[in-house]
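Okay, structure first, notes after.
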Amino acid sequence: MKKIIIAIDGFSSCGKSTMAKELAHRIGYIYIDSGAMYRAVTLYALEGGLIEGDRINADRLSQAMDQIRITFRLHDQTGRPHTLLNGQDVEERIRSMEISTHVSPIAALDFVREAMVAQQQAMGQDKGIVMDGRDIGTTVFPNAELKIFVTATPEIRARRRYDELKAKGVETSYEEILRNVKERDYIDQHRAVSPLRQADDALLLDNTHLTREQQNAWLEHQYQLHACE
Ligand code: CDP
């Protein structure tokens, strides 16, 4: 089997990260959650006072970009990848609703995307990688051997995110999540730089009615087909 690049793009909260992580684990590939990188930049901006209300201080953020280093490390106990911002584990904090509320406008900034895409491309240099996000098959790895575009209805996606946060003990409302999911879908699809869209050569996976097992089986089958070619 040859080593390939697997790009998984799609709408927010459609289970991309879970399926990408599980596939990478089964086939011994590196997994990179590109959304976590945009979330970490958002955390940096919030903590540095670079976001006030809806206003982002783009000048200061752009000057700070070379001081933002994002890496991933497998957690000792769980074996799951955790996101580090300048060496500090921020995995929990980047998943909050506050970050979800601000991340899409941050991810729409051209200088933020430029910096993140360069880091992502460097991570994929040796292939053997599964990366999920919004622009992986279109911009980061346009030559990826396997591209998947995942979708499901906004209501199903909001329900899944609600259940996930609730299981973690986070207080939140389904309506607020649904609003956030729809808002991010809109911003992600309509931004000027690398908008979310299905690459022409990506396979469409609508998982509205699929169980996690069915989805994993489908994905692994696609991997076998594409890594053998
Ligand atoms: O987990 P969820 O699918 O809700 O989102 P995520 O993958 O953590 O990504 C958070 C946000 O980062 C998205 O809503 C996009 O605005 C942005 N993003 C992006 O612009 N490009 C990527 N490659 C990944 C995420």
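The values are calculated or read from the model by the stated rules, or taken from the named source; none is laboratory data. Remember, predicted model here, so these are calculated numbers, not experimental data. Using ideal geometry, Cβ is built from the backbone for each residue, glycine included, and neighbour counts are taken over all protein chains shown. Each accessible area value is taken on the protein alone, full model and side chains, heavy atoms only, with ligands, DNA and RNA left out. Shrake-Rupley method; radii C 1.70, N 1.55, O 1.52, S 1.80 Å.
Residues in region 118-141 that are near the ligand (Cβ under 10 Å from one of its atoms) and either without any contact (Cβ under 8 Å) to a residue 12 or more places away in the chain or of a type in the set (S, T, N, Q) (or both): 3 in all. Of the candidates A144, A152, A192, the single residue that is in contact (Cβ under 8 Å) with a residue 60 or more places away in the chain, of a type in the set (G, A, S) and surrounded by fewer than 20 Cβ atoms within 10 Å (Cβ to Cβ) is A192. Looking across region 1-37, the residues that are within 10 Å of the ligand (Cβ to nearest atom), open to solvent by 10 Å² or more (accessible area, probe 1.4 Å) and in a helix (DSSP H, G or I) come down to K16, S17, T18, G35. Checked against (1) assigned to a helix (DSSP H, G or I); (2) more than 13 Å from the ligand (Cβ to nearest atom), D201 passes all but condition (1). Quick check: anything in region 182-192 part of a loop (DSSP other than H, G, I, E, B) and within 11 Å of the ligand (Cβ to nearest atom)? There is at least one residue in region 182-192 that is part of a loop (DSSP other than H, G, I, E, B) and within 11 Å of the ligand (Cβ to nearest atom). Counting just the residues of region 203-217 that are of a type outside the set (D, E, K, R) and open to solvent by 70 Å² or more (accessible area, probe 1.4 Å), which one comes out farthest from R160 (Cα to Cα)? That would be L204. Scanning region 1-32 for residues that are closer than 24 Å to S104 by Cβ and in contact with an Asp or Glu (Cβ under 6 Å, 6 or more places away or on another chain) returns I8, F11, K16, S17, A20.
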